[in-house]
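Just below is one structure, and these are the notes that go with it.
The values are calculated or read from the model by the stated rules, or taken from the named source; none is laboratory data. These figures come from a predicted structure and were not determined experimentally. So basically every Cβ, Gly included, is an ideal-geometry build from the backbone, and we count neighbours across all protein chains shown.
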Amino acid sequence: MKKYVGQSVKRKEDYRLVTGTGQFVADIKLAGMLEAVFVRSPQAHAIIRHIDTSKAKELPGVHAVLIGDDIKGIINPITQFESHSAVPPNVAKEINPKIQYNDESVLAIDKVVYVGQPVAVVVADNRYIAEDAADLIKVEYEQLKPMVDPYEAMKEGSPLVQNQVEQNIQMEFHLSIGDAKRVEQQSNHVLKARVKTPRLSSNPIETRGVIADYDNRTDQIHVWSATQLPFEVRATIAHCLGWTEQNIRVTAPDVGGGFGPKGGVHPEEILIPYISKRLNRPVKWVEDRLEHLTSARQSRDQVHDVIVAYNSDGTILSLRDEFVVDSGAVNFFGFTCAYNTAYHLRGAYKIPNYDIKSRIVLTNKTPNVPFRGAGRPEAVFTMDRVIDMIARKLKLDPVEVMKRNMIQAHEMPYDQGILVKDGARLIYDSGDYPAALNQALAMVDYEGFRERQKELKKAGKNIGIGISSYVEGTGAGPFEGALLSVDSTGKVIAHLGASPQGQGHETVFAQIGADALGLTPDDIVIKVGDTAVLPFGAGTYASRSAVNAGSAMHEASLKLRNKVVAIAGIILGTLPDEIVIEEGKIFSKENPSHFLTLQDIYKRSRPAARPPLPSEIEPGLQVTHYFVPPTVTFASSVHIAEVEVDKETGFVDLQNYSVVHDCGTVINPMIVDGQVQGGIAQGIGSALYEEVVYNESGQLLTGTYMDYLLPTSMEIPTVKKGHQQHLSTRNPLGVKGVGEGGAISPPAAIANAIVDALSDLEIVINQLPVSPSRLRGLIKEAEKKQSTILSK
Amino acid sequence: MSNKVQVAVFVNGKKVQKKVEPRLLLTDFIREECNLTGTHLGCEHGVCGACTILVDNEPVRSCLMFAVQADGCDIQTVESLNSVDGPLNVLQQSFSDNHALQCGFCTPGFLMTLTHFLIDNENPTENEIREAISGNLCRCTGYANIIKAVQQAAQILQKEKSNSSVVSAQ
């Protein structure tokens with residue numbers, strides 16, 4: 001019964017967060033706790049000649065100083081996360097991947113490979129003393145040639161970032177269907193373009209942080225980390241330190257935003273537990289913002305070279321793309337982002353001949369990991385710029401070209417002819433993309449806009465409209481679990497492996513459980529973000545928690561309900577089918593006034609209950625369900641941006657932003673809308689403001705918030721939202737993921753809108769962010785070109 | 001360093017007297033010495049606004065002040081907005097009602113900035129609200145719901161004020 005699913009139930013999390021009584025890692029205090037500070041590499045690529053720690057060690061209040069030599073052979077390096085990187089055999093057969101081993105020592109040994117890499121760690125009574133000591137550590141470096149440009153890094157004979165990775169190409173693969181090359185040769189219209197997306201930093205407002213508390217007596221360690229993946233952190237600690245996994249408990253308390261990079265296990269999450277055990281003291285480390293901007297994993301950074309053949313009516317015949325991912329010094333996530341790009345690039349479009357080659361290249365920059373969208377914003381920016389460029393070349397409206405190529409509703413489920421990353425066939429489960437486009441066009445009064453645009457042009461004003469669409473594989477497996485039990489007070493305690501950073505898990509899963517069990521959300525206590533709560537878990541990333549953990553919650557709740565009605569039937573002397581549960585009251589249909597509560601059922605189900613339950617009913621009210629999705633669910637969306645461009649300054653005013661999206665069943669509309677708005681804000685940031693910049697020697701130029709620009713309330717409009725609900729066929733709730741979607745389309749929609757506003761200049765925007773200086777440069781160039789043509 | 005200095009401040013109405021190092025940040029004083037961890041550190045260079053508190057009724061980024069500079073001052077943190085375990089105040093409740101927070105890490109800073117703003121701006125326009133919070137960064141919400149929350153809070157506060165003036169006139 002759907003009573004709470006679909007309602008904007010207020011969040012259980014809010015009280016503590018608006019009263020300042022939430023508990024983030026930095027808020028945790030333990031008796032005798034020490035604080036750690038890291039010394040990080042100021043060099044992009046250099047040999048470590050000598051480290052002098054003597055003065056630091058002598059400073060009163062310092063308890064330990066460690067460098068790479070101290071952990072050599074003791075702490076294993078962090079390697080590729082197999083749970084995210086493994087290529088299924090059938091995918092391997094299709095894409096023929098070449099993979100080279102790469103890793104990172106948790107403290108640099110012998111050489112450094114990126115600015116910000118941990119070189120030494122100091123542990124002291126408090127952070128102030130630790131910082132003093134860190135300043136006393138002297139490191140001598142011998143500079144090596146830094147590899148900053150991935151194309152240079154791939155050249156034969158270029159210096160190697162990791163000695164065993166030949167030509168700095170850590171991974172490459174080739175995916176092809178049809179015969180794109182032949183189609184190109186036969187086509188009258190061929191477009192070639194290079195499309196670039198910048199390197200980004202995720203910047204949750206809470207930085208990373210780790211506390212470890214080792215217990216000598218039991219050999220157990222409790223680690224608190226601002227992580228999205230407590231189970232992966234636990235596995236990596238066990239792997240790197242050779243400890244028994246079950247002696248490690250990892251808790252993610254309140255986590256202040258993540259967006260992906262808090263899911264990449266970082267060196268500090270290994271070192272702090274190691275030091276805690278070594279010193280037999282609790283140890284804390286909290287990242288500062290400079291460290292976050294330099295050392296927390298970054299993302300995106302792709303360059304696409306596309307060749308597209310099309311007809312004079314705008315039908316795309318083939319698409320070839322050779323793209324490079326600049327992964328920085330290490331690639332931990334295998335082909336995650338690159339293959340996401342490859343399998344999402346065609347989006348809502350039918351392109352029968354498709355050929356894509358990807359190379360993941362190592363450079364002397366901070367390692368890359370997935371960030372909200374994980375390879376999809378890059379794909380969509382490329383594809384929707386292609387659509388727009390084709391339209392402008394053919395002098396057609398971009399909407400016409402979109403419609404010409406779109407998959408129709410009656411073609412669902414639609415097989416794109418390739419495989420998803422998990423090995424399943426890429427088959428879109430449900431959706432109506434043309435209807436979404438029409439709905440979005442109506443929302444913005446597209447025709448009306450075009451008329452207004454003409455009028456304003458006469459007055460010298462340049463307004464433009466840009467569209468982008470995407471189809472997004474969401475709710476990636478491998479699984480998520482829910483362990484439900486009823487306690488002596490009659491509350492249902494639900495333990496889940498998902499680990500939130502603001503998504504409202506405590507509320508949403510209680511809504512799902514309440515409907516399945518006939519309770520209210522207040523009757524259900526959700527426990528998440530802790531490896532102690534159930535044996536297996538994955539985490540919150542990849543728009544997956546509502547799909548995987550939500551479905552696990554639903555199925556486990558039904559199992560618990562079955563047990564409750566069986567026991568209630570015995571007590572009430574009726575068949576289980578006759579039992580109804582409503583708002584926590586358990587009664588026979590025949591006699592609603594005589595009811596039991598969960599507390600009554602709990603008492604009767606206890607192992608020691610008298611009279612005992614029949615032997616076929618196991619004592620105790622506890623059930624577990626692990627949900628394993630068949631493959632991803634396909635959410636989709638259409639975004640429309642309206643801008644005004646000031647030609648004199650290159651300044652872009654984002655006047656309106658509208659979206660129509662489909663995430664299947666909506667569990668909590670308030671939370672879904674919040675995810676969409678928040679994702680779009682990050683997408684706007686990457687379209688117009690955000691870029692991690694390294695200079696030619698690999699030095700980071702964007703180490704503060706004066707250089708790395710996050711959008712404020714002045715830059716983000718309130719998004720107009722329209723909804724579709726095409727239920728997924730791949731889980732019992734019909735849900736699709738929504739967390740990442742908002743961030744995917746804004747770069748393409750906004751760039752297309754800017755191009756549209758300046759259509760008379762025929763500028764091409766294939767690089768982000770569209771900063772005023774970059775846009776002013778393009779305008780100047782275009783004006784110069786036009787005046788030369790005119791003067792001829 | 002042991003050149004500690006005596007500091008006396010009122011924090012949420014209570015007098016706190018401590019000997020601290022001159023270099024101790026006001027944020028660390030509040031979080032570590034007063035055990036009030038609702039004030040968060042987001043950037044430590046005065047941009048993100050997560051550490052915003054009121055010092056003598058003015059919003060201040062506590063990461064840009066030393067504790068010794070607050071000697072003799074009256075400090076209010078997010079913990080001052082409601083009584084322990086008590087009901088939420090109007091602004092806090094409006095944030096929850098409108099889903100104006102997701103991870104909630106930046107929220108205390110927004111609440112303190114807005115507590116001050118709403119005193120002098122009883123009926124703010126959307127643009128005035130946007131400007132008021134433009135010095136606080138939120139990475140989760142995209143700001144729209146924060147603006148809605150402020151509009152709701154302003155309306156309720158205005159109503160409460162007019163009701164109480166009616167009562168006092170009687």
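For the reader, a short list of remarks on this structure follows.
- A residue that is in contact with a helix residue (DSSP H, G or I) (Cβ under 7 Å, 6 or more places away or on another chain), within 12 Å of another protein chain (Cβ to nearest Cβ) and either surrounded by fewer than 24 Cβ atoms within 10 Å (Cβ to Cβ) or hydroxyl-bearing (Ser, Thr, Tyr) (or both) can be found somewhere in the range A:721-734.
- The residues in the range A:99-117 that are more than 20 Å from A:Ala238 (Cα to Cα), touching a His at 6+ places or on another chain (Cβ under 9 Å) and crowded, with 23+ Cβ neighbours inside 10 Å can be counted, and the count is 3.
- Qualifying residues in the range B:78-93 (those that are of a type outside the set (A, V, I, L, M) and more than 7 Å from chain A (Cβ to nearest Cβ)) - the one nearest to A:Gln501 (Cα to Cα): B:Gln93
- Residues satisfying the stated conditions in the range A:435-470, i.e. in contact (Cβ under 8 Å) with a residue 24 or more places away in the chain and part of a loop (DSSP other than H, G, I, E, B): A:Val444, A:Lys461
Per-residue answers, yes or no, for (1) buried (at least 24 other Cβ atoms within 10 Å of the Cβ); (2) within 14 Å of another protein chain (Cβ to nearest Cβ); (3) at pLDDT below 95:
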{"site": "A:Leu200", "(1), (2), (3)": "yes, yes, no"}
{"site": "A:Ile205", "(1), (2), (3)": "yes, yes, no"}
{"site": "A:Arg208", "(1), (2), (3)": "yes, yes, no"}
{"site": "A:Asp215", "(1), (2), (3)": "no, no, no"}
{"site": "A:Gln220", "(1), (2), (3)": "no, no, no"}
{"site": "A:Val223", "(1), (2), (3)": "yes, no, no"}
{"site": "A:Leu229", "(1), (2), (3)": "yes, no, no"}
{"site": "A:Arg234", "(1), (2), (3)": "yes, no, no"}
{"site": "A:Ile237", "(1), (2), (3)": "yes, no, no"}
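- Single residue of A:Gly497, A:Gly475 found to be surrounded by 24 or more Cβ atoms within 10 Å (Cβ to Cβ) and within 21 Å of A:Glu13 (Cα to Cα): A:Gly497
- Failed item, numbered, when A:Gln453 is tested on (1) more than 14 Å from A:Ala546 (Cβ to Cβ); (2) out of contact with any Ser or Thr (no Cβ under 6 Å at 6 or more places or on another chain); (3) not assigned by TED's automatic domain parsing to the domain that holds A:Ile754: (3)
- Considering the range B:99-145, and only residues there that are aromatic (Phe, Trp, Tyr) and more than 7 Å from chain A (Cβ to nearest Cβ), the residue that is surrounded by the most Cβ atoms within 10 Å (Cβ to Cβ) turns out to be B:Phe110.
- Matching residues in the range B:26-55 - criterion: being polar (S, T, N, Q) and more than 10 Å from chain A (Cβ to nearest Cβ): B:Thr27, B:Thr52
- Within the option set A:Asn695, A:Asn752, being closer than 24 Å to A:Ser299 by Cβ, more than 22 Å from the chain's Cα centre (by Cα), surrounded by 23 or more Cβ atoms within 10 Å (Cβ to Cβ) and of a type in the set (S, T, N, Q) holds for one residue only, A:Asn752.
- Filter pass, A:Leu175 being under 30 Å from B:Pro108 (Cα atoms) and aliphatic (A, V, I, L, M): no
- Among the candidates A:Ala130, A:Ala193, the residue that is touching a residue at least 24 places away in the same chain (Cβ under 8 Å) and within 14 Å of chain B (Cβ to nearest Cβ) is uniquely A:Ala130.
- Of all residues in the range A:207-250 being of a type in the set (Gly, Ala, Ser) and in a strand (DSSP E or B), the one that is nearest to A:Ala31 (Cα to Cα): A:Ala212
To keep it simple, each residue is scored yes or no on (1) β-branched (Val, Ile, Thr); (2) over 28 Å from the mean Cα position of the chain (by Cα); (3) within 11 Å of chain B (Cβ to nearest Cβ).
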| residue | (1), (2), (3) |
| --- | --- |
| A:Val9 | yes, no, yes |
| A:Lys12 | no, no, yes |
| A:Leu17 | no, no, yes |
| A:Ile28 | yes, no, yes |
| A:Ser41 | no, no, no |
| A:His50 | no, yes, no |
| A:Thr53 | yes, yes, no |
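- Selection of helices (runs of 4 or more DSSP H) fully inside the range A:301-412 by the criterion of at least 2 residues being under 17 Å from A:Lys192 (Cβ atoms), aliphatic (A, V, I, L, M) and modelled with pLDDT of 95 or more returns A:376-394.
- Here A:Ala782 clears all of (1) farther than 22 Å from A:Arg372 by Cα; (2) part of a loop (DSSP other than H, G, I, E, B); (3) touching a Leu at 6+ places or on another chain (Cβ under 6 Å) except the condition numbered (2).
- Just one of the listed residues (A:Pro253, A:Pro273, A:Pro267) is within 14 Å of chain B (Cβ to nearest Cβ) and either at pLDDT 95 or above or surrounded by 19 or more Cβ atoms within 10 Å (Cβ to Cβ) (or both), namely A:Pro253.
- For the range A:271-292, a tally of residues being more than 27 Å from B:Val47 (Cβ to Cβ) and under 22 Å from the mean Cα position of the chain (by Cα) returns 0.
- Complete set of residues in the range A:698-720 that are at the interface with chain B (Cβ under 10 Å from one of its Cβ atoms) and of a type in the set (D, E, K, R): A:Glu715
- Test for B:Ser96: is it of a type in the set (S, T, N, Q), away from chain A (no Cβ under 12 Å) and closer than 25 Å to A:Asn203 by Cβ: no
Conditions tested, residue by residue: (1) closer than 14 Å to A:Thr19 by Cα; (2) outside the structural domain of B:Phe117 (by TED's automatic domain parsing); (3) of a type outside the set (A, V, I, L, M, F, W, C); (4) surrounded by fewer than 14 Cβ atoms within 10 Å (Cβ to Cβ).
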| residue | (1), (2), (3), (4) |
| --- | --- |
| B:Lys18 | no, yes, yes, no |
| B:Leu25 | no, yes, no, no |
| B:Asp28 | no, yes, yes, no |
| B:Gly38 | yes, yes, yes, no |
| B:His45 | no, yes, yes, no |
| B:Gly49 | no, yes, yes, no |
| B:Glu58 | no, yes, yes, yes |
| B:Cys73 | no, yes, no, no |
| B:Gln76 | yes, yes, yes, no |
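- Single unsatisfied condition, A:Ile667 versus (1) of a type in the set (Val, Ile, Thr); (2) assigned to a loop (DSSP other than H, G, I, E, B); (3) farther than 29 Å from A:Pro146 by Cβ; (4) away from chain B (no Cβ under 14 Å): (4)
- The condition of being under 27 Å from A:Val399 (Cβ atoms), in the same structural domain as A:Glu644 (by TED's automatic domain parsing) and assigned to a loop (DSSP other than H, G, I, E, B) holds for only one of A:Pro747, A:Pro769, that being A:Pro769.
- Screening A:Ile387 on (1) surrounded by fewer than 23 Cβ atoms within 10 Å (Cβ to Cβ); (2) in contact with a helix residue (DSSP H, G or I) (Cβ under 8 Å, 6 or more places away or on another chain); (3) over 28 Å from A:Asn168 (Cβ atoms) shows it passes everything except condition (1).
- Subset of the range A:130-146 (residues that are in contact with a Leu (Cβ under 7 Å, 6 or more places away or on another chain) and part of a helix (DSSP H, G or I)): A:Asp132, A:Ala133
- Taken over the range A:415-432, the residue count meeting the criterion of being part of a strand (DSSP E or B) and either without any contact (Cβ under 8 Å) to a residue 60 or more places away in the chain or under 25 Å from the mean Cα position of the chain (by Cα) (or both) is 8.
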